[in-house]
Amino acid sequence: MRASVLPRRALRPALLALSLSLACTAHAQSRSATELDAVKVTAERTHTDTGALGDRPVRDTPFAISVIGREDIEKRQVVSLGEAFLTDPSVVTQVSAYASGWSSPIRNRGIDLSYDSYRVNGLQVSSWGTEWPLEVMEQVELLKGPGGFMYGFGQPGGIINYVTKKPTDTPTFSAQLGWREQGIVSGQVDAGGRFGNEQMFGYRFNAYQEKGETFNGGEVDRKVGALSLDARLSDSLTWTFDGVFQQRDLGEESPQYYFIGLTELPRPIAGDVNNAIPGTFYDTRSSLLSTALHWQINSDWKASLSYGYTSSWNDVNKIFAYIDDVNGDYDINAYELGGKSEWKLAQAIVQGRFQTGPLSHQLVAGVSHQTGLGWDRPYEWNNIGRGNLYQRPTVRHDAVGSHELTRGSETIQQAVFLSDTVDVGHGWSLLAGARYNDFENKGSYHTYPVTPTYAVMYKPADEVTLYTSYVESLEAGSRVGSDYINAGDVLDPTISKQFEIGAKIEYPRWNANAAAFRLERGANIDRLTSAGKLLVQDGITLYEGVEVSGNVLLSDAFSLGGGVTWLDPTYDKLSPDSITQQGNRTAGAARWNGVVHADYSVQQVEGLSLYALARYYGDVYYDAENTLKLPDYTLVNAGVGYRMQANGHPVTWRASVENLANKKYWSNAGIGLPRTFAVSVRFDL
């Protein structure tokens, strides 16, 4: 069951030196600086709720965390998770905005996130074939690496947590209209405020819809509704409620492309080429309902009791194109499936501070109980003909499969967790925590792991945190997909282990983050046999890397930011049956990724601002045998915003373009995005 072991060597000393050098530079700055969130360059990125670690500033956590706030989402007119994290060089998009992600929209540090690696307000939600709507979110957080201690089960690539918009203390109302190529029109209403005796009740309501033709000839119809409420029952007790619903229908989306037996790539086609098969669709419904009581016991202690229900439903008639010829010829495979998932989570947490002699403690303790149910419909897999990348298909496929659902899975996860951060003085603190998981996948396995975390932190200045941490995480065994001869098997759960050393620096006019990490996880290997392809667990995948990023406000009008990630991902400790892959680079993981971005406020025209971004994606191997490589590429995005007053009310105009050079490329998401324009106008009361 434990597929990974303790590392054989420590992290490279050079990586430690890199992290420490950034911190030492920061220590030379004045300690009397004001708080970071007072300036735009880093606004909205200083605070997060890290599950079992409690509520604390990002810079005081011993893990790499990336946070994308509302301002950044709106400025770049972001409509997908991959686009949201475009400024993070460690994150790679797995699926375009108007396609159905098979399991996860993104990959972090070379590792796919699984469909169960996603949370909304800390509650597990599914990303199977869809994404949660950014339009109703205040920020999106990515906890990098294993999140087992903080959140329970999950892929070691990280945990995504969406944070919904909350009630506002002052009345707010905005309406927005947008247009995006080829012909997608969108509209949104956002209203919030307080009412009642002494403003006891708060509300935030959002409604959004987009509909029209996508850039590659498909059709999208997406509707979103969200409501957040609170009630200040007393000076110390607050009740909250959150509800989110999304209906997303995609018609005639582009096929999902796979390369079969190739050592050379076909010439890439433009992202706006229409190779869709008439009659196909991917429809999803996602919902969340949660309620909680928050008790501020005194100035040092608080507690919360929460309950949440989330569900996901999909109905699929999707095309998989298996390209088996360098000339772009492929089998057209129609895959019909569908199902429903439900999760229910109850959780109680208490956190606070206390003294034991000279030591100061920050304690977080909690218990949780989560159930998950899944239903599946019979699937249909049919080869319906042949196609070619450079010629529009002439076939059609209408759904023929049964829609009758049967119980497919049931999981029960019970957990007890405890962490203590001890301030030992002179800027030093120690963290120790553990989560006991009782996890049962009924009919498959039952396991009882304890996943610990340990960390040492040092703050030479209030604005600087140096840390080293170790964390383990239990990764649930995945179900083998339909393109393997052992389809339907459930693989064993595995333990992932990560060592990380890093530095976080936040000053009013600049910030920087550096992390060096080593992560081991169980490897899933494609094994070819005379009967076909098997998916087996064998050895480990080893990820060692460094990521560095930062932002600087060069003047009141101009800010510059960027980052780079270096990764050494390899297969290790394989059995003789898989030894040919020993030492190969992990499929889908690039050695280098980088980004640079800039913002400029035009002083000569009040309210006018510009931004530009260039993102480099390193080459990746498509397969574990390292026989087919997807080449590197660079994309450039740009945009302009203009804020004006109309009868005393703010009006904001935005225009942006993605893939400015209209580059054609193959990516982890298949066919790359075309040059895409988007415009919007927003009116605020």
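The values are calculated or read from the model by the stated rules, or taken from the named source; none is laboratory data. The shown structure was predicted, so the numbers you read here are calculated from the model rather than taken from an experiment. Here the Cβ is made from the backbone with ideal geometry for all residues, glycine too, and neighbour counts use every protein chain on show.
Structure above, values below:
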| read-out | value |
| --- | --- |
| Breaking point among (1) touching a residue at least 60 places away in the same chain (Cβ under 8 Å); (2) surrounded by 18 or more Cβ atoms within 10 Å (Cβ to Cβ), for Tyr621 | (1) |
| Of all residues in the range 542-559 being under 21 Å from Asp619 (Cα atoms) and of a type in the set (Ser, Thr, Tyr), the one that is surrounded by the most Cβ atoms within 10 Å (Cβ to Cβ) | Tyr543 |
| Criterion (crowded, with 17+ Cβ neighbours inside 10 Å, in a strand (DSSP E or B) and either touching a strand residue (DSSP E or B) at 6+ places or on another chain (Cβ under 6 Å) or at negative phi (or both)) met by exactly one of Gly588, Gly562 | Gly562 |
| Looking only at the range 77-136, and only at residues there that are among the charged types (D, E, K, R) and part of a loop (DSSP other than H, G, I, E, B), the one that is nearest to Ala348 (Cα to Cα) | Asp116 |
| Sole residue being out of contact with any Ser or Thr (no Cβ under 9 Å at 6 or more places or on another chain) and either assigned to a strand (DSSP E or B) or not aliphatic (A, V, I, L, M) (or both), chosen from Arg222, Arg248, Arg267, Arg285 | Arg267 |
| Which numbered condition Ser341 fails, given (1) among the hydroxyl-bearing types (Ser, Thr, Tyr); (2) within 28 Å of Ala415 (Cβ to Cβ); (3) touching a residue at least 60 places away in the same chain (Cβ under 8 Å); (4) in contact with a Phe, Trp or Tyr (Cβ under 7 Å, 6 or more places away or on another chain) | (4) |
| Options Leu288, Leu233, Leu265, Leu237: the member that is buried (at least 16 other Cβ atoms within 10 Å of the Cβ) and farther than 30 Å from Thr394 by Cα | Leu288 |
| Residue within the range 375-391 that is more than 24 Å from Ile277 (Cα to Cα) and among the small types (Gly, Ala, Ser) present | no |
| The range 532-552 residues that are over 23 Å from Lys497 (Cβ atoms), paired with ones that are surrounded by fewer than 20 Cβ atoms within 10 Å (Cβ to Cβ) and aromatic (Phe, Trp, Tyr) (beta carbon under 7 Å, 6 or more apart) | Lys533/Tyr484; Leu534/Tyr484 |
| Within the range 142-163, considering residues that are crowded, with 24+ Cβ neighbours inside 10 Å and part of a strand (DSSP E or B), the one nearest to the chain's Cα centre (by Cα) | Ile160 |
| Matching residues in the range 183-202 - criterion: being assigned to a strand (DSSP E or B) and surrounded by fewer than 17 Cβ atoms within 10 Å (Cβ to Cβ) | Gly183, Val185, Gly187, Val189, Ala191, Phe195, Phe201 |
| Conditions (1) small (Gly, Ala, Ser); (2) crowded, with 16+ Cβ neighbours inside 10 Å; (3) without any contact (Cβ under 8 Å) to a residue 40 or more places away in the chain; (4) in a strand (DSSP E or B): number failed by Ala455 | (3) |
| Condition met for Glu440 (part of a strand (DSSP E or B) and over 16 Å from Gly145 (Cα atoms)) | yes |
| Residues (farther than 14 Å from Arg591 by Cα, out of contact with any Phe, Trp or Tyr (no Cβ under 7 Å at 6 or more places or on another chain) and in contact (Cβ under 8 Å) with a residue 40 or more places away in the chain) located in the range 104-117 | Asp112, Leu113, Ser114, Ser117 |
| Where Phe517 falls short, out of the listed (1) under 20 Å from the mean Cα position of the chain (by Cα); (2) at pLDDT below 95 | (2) |
